[in-house]
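Input: one structure, supplied below.
Just so it is clear, none of the values below were taken in a lab; they were calculated from the coordinates. No experiment lies behind these values; they were computed from the predicted model shown. Counting neighbours? That spans all protein chains shown, and the Cβs are built from the backbone with ideal geometry, glycine included.
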Amino acid sequence: MQADIEKSVPSSTSSTTSSSGGSKSTQAHARALRSHLEALEDLLHNRTELVNRVQRIAETDDVAPRFMREASSLARWVEVRPEIFEQAIEEELNKYERYREDLEESEHRQEEALHGIQERNVLFLESRRDDPSVKAREYALQELDLAYHHYRDIQKHLAEGIKVRPLFFIPVYFKLTSSFSSIMI
């Protein structure tokens, strides 16, 4: 029975009227939107890999020995102050500059992808609004909803009738049976 109901509702993904311009437009916009979403997913995956790679490098990158060597060599001639290590700090941070640039480029591509997704989504929604297969599906679903509510009303009335029937028919039954028994006797 459920399969029959499912067959009666037109699909929103494949149109029964494949020659319809609205359906082709909707499908084209859906494919374009899906490809933009997949591109965004690829960007997210690449960014996650980049961040993981940088974290692994940072975990193994121990700068303490370098600073200790520089501090011990300078301690003989001058007082050791943090400003002395600025060049070494800059050199150590420059090792990660390439990754920062990659992240900025990824961010720019992500913004472009999000903008493309927003544009395609608007076009997709507009095409679905005019798609006859979507309208047929909506109509069929509304009809099923209405039928379901009628079914529930009938069930409710039957349940009330079953409750009321014994109270109403028992006295009538006794009158009828006594009438029939007097006739039969």
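Could you order peptides 119-126, 1-8, 105-112 by the average number of other Cβ atoms within 10 Å of their residues, highest first?
For the peptides 119-126, 1-8, 105-112, the packing ranking is 119-126, 105-112, 1-8.
Just order 130-137, 42-49 by mean Cβ neighbour count inside 10 Å, highest at the front, would you?
By packing density, highest mean first, the sequence is 130-137, 42-49.
Another question, then. Between residue 56 and residue 118, how high is the FRET efficiency from 1/(1 + (r/R0)^6) when r is the Cβ-Cβ distance and R₀ = 30 Å? Nearest 0.05.
0.30
Given a Förster distance of 41 angstrom, what is the FRET efficiency for residue 110 paired with residue 140, based on the Cβ-Cβ distance and rounded to 0.05?
0.55
Once fully extended, how much extra length lies between residue 7 and residue 41, figured as 0.36 nm per residue of separation less the alpha-carbon to alpha-carbon distance?
Once the chain is fully extended between residue 7 and residue 41, it gains 8.9 nm.
Order the peptides 95-102, 30-37 from the highest to the lowest mean number of other Cβ atoms within 10 Å of their residues.
So the order, starting with the most tightly packed, is 30-37, 95-102.
Along the positive direction of the dipole of the stretch 59-151 (beta-carbon charges: Lys, Arg +1; Asp, Glu -1; about the Cα centre), which of 142, 65, 114 reaches farthest?
Checked the options; the winner is 142.
Here's something else I'd like to know. If I model a spin label at residue 148 and residue 91 as a point 7 Å from the Cα along the Cα→Cβ vector, what separation in nanometres do I get?
7.1
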